[in-house]
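Shown next, in structure tokens, is the structure this report addresses.
All of the numbers you see were taken from the coordinates with simple rules; none came from a lab. Note that the coordinates shown come from a computational prediction; the quantities given were computed from them, not determined experimentally. No Cβ is skipped: glycine too gets one built from the backbone with ideal geometry, and neighbour counts run over all protein chains shown.
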Amino acid sequence: MYSAQSNPYQQYKQQSIMTMTQGEMLTQLYDGAIKQLSKGIQLIDAKEFMPANEALQKAQLIVNYLRQILDDQYKVSESLDALYEYFGHRIVQANIRKDTAPLHEIIAMLTELRDTFATADRANRTQF
């Protein structure tokens with residue numbers, strides 16, 4: 001059995017995280033939130049409410065982290081903060097009511113944001 005430090009996969013994973021651009025990290029966060037929301041939908045549909053709750057709480061943590069890392073020096077941060085706050089509120093509502101409609105709405109918006117940031121990151125990297 002490998003320890004966390006001697007496990008080659010864990011070492012690779014840690015190294016890949018450390019060499020990511022900020023845009024790549026942001027994309028990973030969006031992907032993680034989308035994955036957890038999608039999982040929450042599947043689990044609610046399957047009436048597996050405890051695991052659905054866990055998945056939605058993980059998505060909420062990611063959304064809260066996205067709010068925390070906003071840089072106030074950019075005007076868009078204020079709009080993103082309001083949007084992330086809205087996402088968090090809708091996730092809580094969906095979780096309480098076991099209603100997947102708000103989750104589908106959030107996934108669509110997060111996907112659009114992820115794609116926009118990924119495109120901007122690629123464009124930024126090709127300029128240098």
Only Cα pairs under 8 Å and at least 6 apart count here; give the relative contact order of the range 21-120 as a rounded whole percent. 36 percent
Within the range 47-84, list the trypsin sites (Lys or Arg not before Pro) lying in a DSSP loop whose Cβ has at most 15 other Cβ atoms in a 10 Å radius. Lys47, Lys75
For Gln68 and Ile96, compute 0.36 nm times the residue count separating them, minus their Cα-Cα distance, and round to one decimal in nm. 7.7 nm
Roughly how many nanometres apart are two label points built 7 Å out from the Cα toward the Cβ at Asn7 and Asp81? 3.8 nm
What does the range 52-128 give for Rg and for Dmax, in Å, if only its C-alpha atoms count? 14.2, 48
Lysine pairs in the chain with Cα distance under 24 Å, only those 8 or more apart or on different chains: how many are there? 12
Sparse-neighbourhood loop hits (chymotrypsin sites (Phe, Trp or Tyr not before Pro), the range 17-123; DSSP loop; Cβ within 10 Å at most 12 others) -> Tyr74
